Amino acid sequence: MPPLAALLKKELLLLGKDRHGLLVLFVMPAVFILIMSMAMQDTLGDQRTAVQALIASHDQGELANALHERLSELDGFAFTAVERDVAEIRKQLSRDEYKFAILIPEGWTESAETRLRNGAPGQEEVSLEILLAPSVQPQLKELVAASVGGIVSRMTAERMVSAIGASMDTDIAFIKPSIRQQYIYGEHSASLIPTAVQQSVPAWLVFSMFFVVIPISTAYIIERQQGSLMRLRVINISPHLMLTTKVVPYYLVNQVQMVLMILVGIYVVPLLGGDRLEMADSVFGLLIISSGTSIAAIGFALLISVFARTTVQATTLGGISNIIFAALGGIMVPKFIMPPAMQAVAVISPMSWGMEGFLDIFLRHGSWKDVLPEAGGLVLFGGVSLALASAIFTRTIR
Amino acid sequence: MIELNDIEKAYGGQPVLRGISLTIPEGAVFGLLGPNGAGKTTLLSILFGLIPMDSGTLSVKKLDLRRELRRIRAFMGLVPQSLAFYPTLSARENLDFFASALGLSRSERRRRIAFCVETAGLETWLDRRSGLYSGGLKRRLNLAIGLLGNPRILCLDEPTIGIDPQSRSFILETIQWLNREGVTVIYTSHYMEEVQQICTDVAIIDEGRILVNDSLDSLLHNSSNRLEIGLSRPLPELLASTLALTAGDRRIRLAEATAEEISTLLKQLTEARIGVEYIDYGNRNLESLFLELTHRTLRD
Ligand SMILES: Nc1ncnc2c1ncn2[C@@H]1O[C@H](COP(=O)(O)OP(=O)(O)OP(=O)(O)O)[C@@H](O)[C@H]1O
Ligand SMILES: [Mg+2]
């Protein structure tokens, strides 16, 4: 085995024997996610009240009016009719004031009737449009599509029966309504409100990723104090290799943490009656933001490790700074609850960058590009910490 | 074959080594004897390139330390004063890790680990968490790890500190056996009996200076006029002051005494009705040598 592999394996072996480390990395966040998802269930993402929606009709046709009427009778939705233009509606959706909007464009009745007469859509078919707020989860999206689609199908079918006299058993596939659904991603998307599980999973994941400081510093300080590092130097292992071989194993550990905590959000939280976490659209984006968070966490952990003289000092210092990062960074108290001044202060916490990155993906359905600013900041933070740690390390090791 | 020439080292302006010159012959068991804080560990750290020396030169097998450190380290082994291994890992895991870090192939590794386990007598404890070992066992594991690289020069920094007599003699015997197998040994200690028992050559270091450096034989068997008399009761004040000794002592120690002085002394003791329990004359041990050289005992 080359020395490199031996050093990597050693880190994992030490972590495997570090019960406190494992507890803090894997059990703590899972427990926090479960507790917080339950505790915030009614505050965040309240599902029991009617879903607020807009309806904007630019068509005065018969069919359009009928649709409007039937929609208002739908259970679980509260429609507000508006005459505003699409731009205004998009703004309201992106501010999450309404979950979706149904747009009936001008000429829709006519287009639908042409379709009924000819058995096929005319040259320029006019479709119903449903705009969805970014926070709308896929189940709701499906529900809206099914409800609206169902009403339109039934309506047109009834009309066909009465007006044209066709029997109900003719193939009605062609009256399948044409509906376009579209998410709104606006400039206000940062102010979206996460559900309990959307808040808890990223929050405690980021928090626990930073807690690699406990196992890293404990292992490092013991090997420095007891002379294992000296022994490695005596057999010609460079200080650089000693330090960098601590990064890779913990990077992997952080990724495992991410997978496990997402699984907790998807499978365990619903078991206890909470919302299910919807898996992110962009797995690549997840990988980028979790890599950034991991590099920041490990760099910071190593900085604390080389700085502290005893394990007690390291775990105290590391633990306290993590709690401060968390309190500031929207981990303990969701950022949207904070007053604007505190939200501005939150930006100084690297945990808030990680948190925002994960929210970009889970809440705002962003792509990998959306997390680049946060991931970049985290990598920079981690890189600077690592460089400092390395400088202190090479000086103190002799 | 290890040559140290006028080595100096200071920590923050405080001199710790003040011009150390030594020659350590090949095949020796070289004892570096000195009280706490004398600079023994500092000297070994310099020898392994762990800390830089301020001035002086050091060569091992004609290789200059400053230029050929990596090559020198390749045939040297260190058993540090601290228990330098991972207490949460078992002896086997520790040995396996350090052997792998040495870059040994799988078969070599297995062979070396088997050798070290046997040499240090670790067989029955291999898979227990090493942090739970007894003091003696920990010292033996510390020794075993130092042997993994098959060193031709083995440096042991107080390898018997804080352990029971059985473990101590096991370690001392192991060191002697390794020496017979051709390993040059450098051994630091502040236990003179140990050094006297196993070393062929000795240097006494105190406050960063070498006080003597010679073979054990010539140090101990040089003609000596040292005197020690054991007393039946503590020395009374009156007699103590005439003899310029400390009242209350149960023995009289003189670095040098002539035959005449001895008979006068015995007469004075008889007059003061102090019985003589033993007389030790002309013999030397390292402790008395140290006392002669520094006028204080090794243990203070
Ligand atoms: N890193 C350091 N910084 C400052 N002073 C140091 C450092 N290391 C050692 N010293 C001082 O140098 C002197 C020699 O220390 P050293 O450890 O070499 O002694 P030693 O002979 O090995 O003693 P011991 O028997 O206690 O192990 C001591 O006074 C010690 O306090
Ligand atoms: Mg020492």
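Taking each residue of the range A:361-387 that is on the phi > 0 side of the Ramachandran plot and looking for partners that are open to solvent by 20 Å² or more (accessible area, probe 1.4 Å) with beta-carbon atoms closer than 6 Å, six or more apart or interchain, yields A:365/A:281.
State whether one or more residues within the range A:350-369 are among the aliphatic types (A, V, I, L, M) and surrounded by fewer than 16 Cβ atoms within 10 Å (Cβ to Cβ).
The initial filter retains those residues of the range A:350-369 that are among the aliphatic types (A, V, I, L, M), namely A:351, A:355, A:359, A:361, A:363.
Filter once more, so that each one left must be surrounded by fewer than 16 Cβ atoms within 10 Å (Cβ to Cβ): none.
For the range A:350-369, residues among the aliphatic types (A, V, I, L, M) and surrounded by fewer than 16 Cβ atoms within 10 Å (Cβ to Cβ): absent.
Suppose the filter is open to solvent by 50 Å² or more (accessible area, probe 1.4 Å) and among the hydroxyl-bearing types (Ser, Thr, Tyr); does residue A:72 pass it? Considered against the rule, which asks whether it is open to solvent by 50 Å² or more (accessible area, probe 1.4 Å) and among the hydroxyl-bearing types (Ser, Thr, Tyr), residue A:72 comes out as yes.
For residue B:86, the stated conditions hold: it is at pLDDT 95 or above and under 26 Å from residue B:165 (Cα atoms). Name the residue, out of A:22, A:7, A:15, A:63, that is touching a helix residue (DSSP H, G or I) at 6+ places or on another chain (Cβ under 6 Å) and within 14 Å of chain B (Cβ to nearest Cβ). Testing whether each residue is touching a helix residue (DSSP H, G or I) at 6+ places or on another chain (Cβ under 6 Å) and within 14 Å of chain B (Cβ to nearest Cβ) leaves just A:15. Got a sec? Which of B:18, B:70, B:110 is part of a helix (DSSP H, G or I) and more than 9 Å from chain A (Cβ to nearest Cβ)? On inspection, the qualifying residue turns out to be B:110.
Take residue B:160 and tell me if it is within 16 Å of ligand 2 (Cβ to nearest atom) and assigned to a strand (DSSP E or B). Reasoning before the result, please.
Values: within 16 Å of ligand 2 (Cβ to nearest atom): yes; assigned to a strand (DSSP E or B): no.
So residue B:160 fails the test.
For residue B:293, all conditions in the list (1) part of a strand (DSSP E or B); (2) closer than 30 Å to residue B:17 by Cα hold save one; what is the number of the exception? In the conditions (1) part of a strand (DSSP E or B); (2) closer than 30 Å to residue B:17 by Cα, residue B:293 misses (1) alone. Scanning the range B:144-157 for residues that are more than 16 Å from ligand 2 (Cβ to nearest atom) and touching a helix residue (DSSP H, G or I) at 6+ places or on another chain (Cβ under 7 Å) yields a count of 6. Close contacts from the range A:1-16, counting a first residue that is in contact (Cβ under 8 Å) with a residue 40 or more places away in the chain and a second that is among the hydroxyl-bearing types (Ser, Thr, Tyr), with Cβ to Cβ under 6 Å and a gap of 6+ residues or different chains, come to A:7/A:245; A:8/A:245. Checking each residue in the range B:201-215 for being of a type in the set (D, E, K, R) and open to solvent by 60 Å² or more (accessible area, probe 1.4 Å) picks out B:207, B:209, B:214.
Looking at B:232, B:241, B:218, B:288 in this structure, which one is surrounded by 15 or more Cβ atoms within 10 Å (Cβ to Cβ), hydroxyl-bearing (Ser, Thr, Tyr) and more than 16 Å from ligand 2 (Cβ to nearest atom)? Lay out the reasoning, then the answer.
On the way: B:232 fails: surrounded by 15 or more Cβ atoms within 10 Å (Cβ to Cβ); B:241 fails: surrounded by 15 or more Cβ atoms within 10 Å (Cβ to Cβ); B:218 fails: surrounded by 15 or more Cβ atoms within 10 Å (Cβ to Cβ).
Answer to the check: B:288.
Give the residue that is nearest to the chain's Cα centre (by Cα), with candidates limited to residues of the range B:24-52 that are more than 16 Å from ligand 2 (Cβ to nearest atom) and within 14 Å of chain A (Cβ to nearest Cβ). Ranking the qualifying residues of the range B:24-52, first place goes to B:49. Of everything listed in (1) under 25 Å from residue B:37 (Cβ atoms); (2) open to solvent by 20 Å² or more (accessible area, probe 1.4 Å); (3) out of contact with any Gly (no Cβ under 6 Å at 6 or more places or on another chain); (4) within 12 Å of another protein chain (Cβ to nearest Cβ), the single unmet condition for residue B:75 is (1). Please go through the range A:262-300 and pick out each residue that is open to solvent by 40 Å² or more (accessible area, probe 1.4 Å), part of a helix (DSSP H, G or I) and touching a helix residue (DSSP H, G or I) at 6+ places or on another chain (Cβ under 7 Å). Answer for the range A:262-300, where residues must be open to solvent by 40 Å² or more (accessible area, probe 1.4 Å), part of a helix (DSSP H, G or I) and touching a helix residue (DSSP H, G or I) at 6+ places or on another chain (Cβ under 7 Å): A:268, A:284, A:295.
Scanning for something among the β-branched types (Val, Ile, Thr) and open to solvent by 60 Å² or more (accessible area, probe 1.4 Å), does the range A:379-393 turn up at least one residue? First the steps, then the outcome.
Keep residues of the range A:379-393 that are among the β-branched types (Val, Ile, Thr), which gives A:379, A:384, A:392.
When the remaining residues are screened for being open to solvent by 60 Å² or more (accessible area, probe 1.4 Å), the result is A:379, A:384.
Yes: one or more hits.
Being away from ligand 1 (no atom under 16 Å from the Cβ) and surrounded by 21 or more Cβ atoms within 10 Å (Cβ to Cβ) holds for only one residue in B:97, B:115, and it is B:97. Scanning the range B:93-107 for residues that are farther than 23 Å from residue B:173 by Cα and either part of a strand (DSSP E or B) or away from chain A (no Cβ under 11 Å) (or both) yields a single hit, B:107. Of the numbered criteria (1) under 25 Å from residue A:16 (Cα atoms); (2) more than 16 Å from ligand 1 (Cβ to nearest atom), the one residue B:181 fails is (1). Being touching a Phe, Trp or Tyr at 6+ places or on another chain (Cβ under 9 Å) and more than 14 Å from every other protein chain (Cβ to nearest Cβ) is true of residue B:121.
On the basis of being part of a helix (DSSP H, G or I) and in contact with a strand residue (DSSP E or B) (Cβ under 8 Å, 6 or more places away or on another chain), does residue B:142 make the cut? Give the derivation first.
On the way: part of a helix (DSSP H, G or I): yes; in contact with a strand residue (DSSP E or B) (Cβ under 8 Å, 6 or more places away or on another chain): yes.
In short, yes.
Out of B:21, B:105, B:55, B:59, one residue alone is more than 16 Å from ligand 2 (Cβ to nearest atom), of a type in the set (S, T, N, Q) and farther than 26 Å from residue B:211 by Cβ. It is B:105.
Which residue, of B:80, B:52, is open to solvent by less than 20 Å² (accessible area, probe 1.4 Å) and within 16 Å of ligand 1 (Cβ to nearest atom)?
B:80
I'd like to know if the range A:130-137 contains one or more residues that are in a helix (DSSP H, G or I) and at pLDDT below 80. No, the range A:130-137 contains no residue that is in a helix (DSSP H, G or I) and at pLDDT below 80. Summed over the range A:5-19, the residues that are within 13 Å of residue A:248 (Cβ to Cβ) and either of a type in the set (Lys, Arg) or open to solvent by 30 Å² or more (accessible area, probe 1.4 Å) (or both) give a count of 5. Surrounded by 17 or more Cβ atoms within 10 Å (Cβ to Cβ) and either touching a Pro at 6+ places or on another chain (Cβ under 9 Å) or without any contact (Cβ under 8 Å) to a residue 60 or more places away in the chain (or both): does that describe residue A:231? Criteria met by residue A:231. As a summary of the residue check, residue A:320 satisfies the conditions (1) surrounded by fewer than 16 Cβ atoms within 10 Å (Cβ to Cβ); (2) more than 18 Å from residue A:215 (Cβ to Cβ) except for the one numbered (2). Of everything listed in (1) open to solvent by less than 10 Å² (accessible area, probe 1.4 Å); (2) aliphatic (A, V, I, L, M); (3) farther than 21 Å from residue A:6 by Cβ; (4) away from ligand 1 (no atom under 16 Å from the Cβ), the single unmet condition for residue B:156 is (4). Of the residues making up the range B:7-42, just one is more than 10 Å from ligand 1 (Cβ to nearest atom), without any contact (Cβ under 8 Å) to a residue 60 or more places away in the chain and open to solvent by less than 60 Å² (accessible area, probe 1.4 Å), namely B:7.
The values are calculated or read from the model by the stated rules, or taken from the named source; none is laboratory data. Here the structure is a predicted model, which means the values were calculated and not measured. Using ideal geometry, Cβ is built from the backbone for each residue, glycine included, and neighbour counts are taken over all protein chains shown. Note: areas computed on protein heavy atoms with side chains; ligands, DNA, RNA excluded. Shrake-Rupley method; radii C 1.70, N 1.55, O 1.52, S 1.80 Å.
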